[in-house]
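Participant: Before anything else, here's the structure in question.
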Amino acid sequence: MPELPEVEALAQFLREHAVGAVVGRVDVAAFNAVKTFEPPVTELSGRDVTDAGRWGKFLGMDCDGIWLITHLSRGGWLRWSDNPGSAPPKPGKGPLALRVHFFTPEGTTPAFDLTEAGTTKRLAIYVVTEPEQVPGIARLGPDALAVTEEQFAGLLDSNPQRIKTALTEQTLLAGIGNAYSDEILHIAHISPFATAKSLSENTVAELYAAMRNVLLDAVQRSTGQDSRNPARLKGEKRSGMRVHGRTGLPCPVCGDTVREVAYHERSFQYCPTCQTGGKILADRRMSRLLK
């Protein structure tokens, strides 16, 4: 799933390549992805692109007062093309959800596609006059890169959730997902199962510093990667990971084997030596197999 750093990189790409252009034809290929009806998608055509923005993991483009906003969910992506096909896409065919054509001041006619891989379709598209009209944006907590250390400590104080859950709860703190929460907890030497409210003042300070360091480093590495080559941006994300997605590999800090806990449709990774005092956390998937 694209998280704060990747969505910020996509927003920056739109600022550099779409702002100043005029929206041309807008093709909807997956009608169920469009969650709003007023204004209609057709209202975007003919409008100047004036800005692009990010709210947590939501990405938006301002078309002279009408916002096109998307949440890419787990399998979604924005793909830019300098030479898109001219024929309208056939609805329901392939991963394409929406295509937006542009006319640039230089006389070029690029486009971007919102696509979603896999059979479970969760990508969401909104056309609104204010970003806060998107329910998910209205419910967001403070942005993970905007929250102060004092605010961050207040969010965790008396929070009964496990810290892994708290970091990824978008109504509490916006922008962090499964991957970067693994990395933040690893750098802060905190167990994913630790209770948020049980963390000491010093531990919370270390966690806050780790969060900022991980996210700012990822933003720096992601920004400037070309959206015409999504694999490069995704590869840049993977290349910076210490534990996430590295089950069975040695921890780059201590050499212990990176372990995994699976739950629901997801899993997370951690290092026992760095984070849990050597304890192997219970994996529900393995527990079911052993019954």
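Participant: Ratio to report: Rg/Rh of the stretch 4-133, with Cα atoms as the point set and Rh obtained by the Kirkwood method; give two decimals. Write down the numbers at each step before the final one.
Facilitator: Details: Rg = 13.4 Å, Rh = 14.5 Å.
My calculation of the ratio gives 0.92.
Participant: For D182, D48, write out the residues from largest to smallest accessible area, computed with a 1.4 angstrom probe and no ligands counted. Don't skip to the answer; put the middle values down first.
Facilitator: Numbers: D182 5, D48 75 Å².
Descending accessible area places them as D48, D182.
Participant: Same structure again: Using a 1.4 angstrom probe, figure out how much accessible area the chain has per residue, in square angstrom, rounded to the nearest whole.
Facilitator: Values: 13740 Å² over 291 residues.
It amounts to 47 Å² per residue over the chain.
Participant: Mind checking the full-extension length gain between E16 and E106? Use 0.36 nm per residue of separation minus the Cα-Cα distance, one decimal, nm.
Facilitator: Numbers: separation 90, 0.36 × 90 = 32.40 nm, distance 1.35 nm.
Result for the pair: 31.0 nm of gain on full extension.
Participant: Further question: Let me check against my output: what whole-number percent is the relative contact order of the chain, with C-alpha pairs under 8 Å and at least 6 apart? Present the calculation step by step, with values, prior to reporting the outcome.
Facilitator: Working: 574 pairs, mean separation 52.1, N = 291.
It comes to 18 percent, rounded to a whole number.
Participant: Here's a follow-up. Consider a paramagnetic label point 7 Å from the Cα of T50 along Cα→Cβ; state which residues of the stretch 114-144 have an amide N under 20 Å from it.
Facilitator: Flagged as within label range: 126-134.
Participant: What's the extension gain from A209 to R232 if we count 0.36 nm per residue and subtract their Cα-Cα distance?
Facilitator: Numbers: separation 23, 0.36 × 23 = 8.28 nm, distance 2.74 nm.
This chain segment gains 5.5 nm when fully extended.
Participant: Residues in the stretch 87-128, backbone N under 17 Å from the label point at F37 (7 Å along the Cα-to-beta-carbon vector): list them, ranges by number please.
Facilitator: 125-128
Participant: Between D217 and T119, what FRET efficiency comes out of the Förster formula 1/(1 + (r/R0)^6) with R0 = 30 Å and r the beta carbon distance, rounded to 0.05?
Facilitator: On the way: r = 34 Å, r/R0 = 1.13.
That gives a FRET efficiency of 0.35.
Participant: Taking the alpha-carbon distance from K90 and a cut-off under 18 Å, which lysines remain once sequence neighbours fewer than 8 residues away in the same chain are dropped?
Facilitator: K121
Participant: A follow-up question, please. At R0 = 30 Å, how high is the FRET efficiency between S158 and V253 if r is their beta carbon distance? Nearest 0.05 is fine.
Facilitator: Numbers: r = 31 Å, r/R0 = 1.05.
For R0 = 30 Å, the calculated efficiency reads 0.45.
Participant: Right, another one. Name the most mobile residue of G245, G235, G46, meaning the one with the largest mean-square fluctuation, in a Gaussian network model of the chain with Cα contacts below 10 Å.
Facilitator: Looking only at G245, G235, G46, the largest GNM fluctuation is found for G235.
Participant: So if we plug the beta-carbon distance of S198 and S239 into 1/(1 + (r/R0)^6) with R0 = 41 Å, what FRET efficiency do we get, rounded to 0.05? Walk me through the intermediate numbers first.
Facilitator: Numbers: r = 33 Å, r/R0 = 0.82.
In this case the efficiency is close to 0.75.
Participant: In terms of Cα to Cα distance under 24 Å, which lysines are near enough to K164, apart from those fewer than 8 places away along the same chain?
Facilitator: Of all the lysines, those that pass the test against K164 - Cα under 24 Å, at least 8 places apart if same chain - are K57, K197, K234, K237, K279.
Participant: Among the GluC sites (Glu not before Pro) within the stretch 1-110, which fall in a DSSP loop and have no more than 14 other Cβ atoms within 10 Å of their own Cβ?
Facilitator: Those satisfying the criteria are E106.
Participant: Give the label of the value calculated from the structure for Rg and Dmax of the Cα atoms in Å, choosing from (i) 20.4, 65; (ii) 22.8, 75; (iii) 18.9, 60.
Facilitator: (i)
Participant: With springs only between Cα atoms under 10 Å apart, run a GNM on the chain and tell me which of V128, V261, V28 wobbles the most.
Facilitator: So, out of V128, V261, V28, the one fluctuating most is V261.
Participant: Run the 1.4 Å probe and let me know the accessible area of W80, rounded to the nearest 10 Å².
Facilitator: Accessible area of W80: about 20 Å².
The values are calculated or read from the model by the stated rules, or taken from the named source; none is laboratory data. Not measured: the values here are computed from a predicted model. Every residue, glycine among them, receives a Cβ derived from its backbone with ideal geometry; neighbour counts consider all protein chains shown. What goes into the accessible areas is simple: the full protein's heavy atoms, side chains included, and nothing from ligands, DNA or RNA. Shrake-Rupley method; radii C 1.70, N 1.55, O 1.52, S 1.80 Å.
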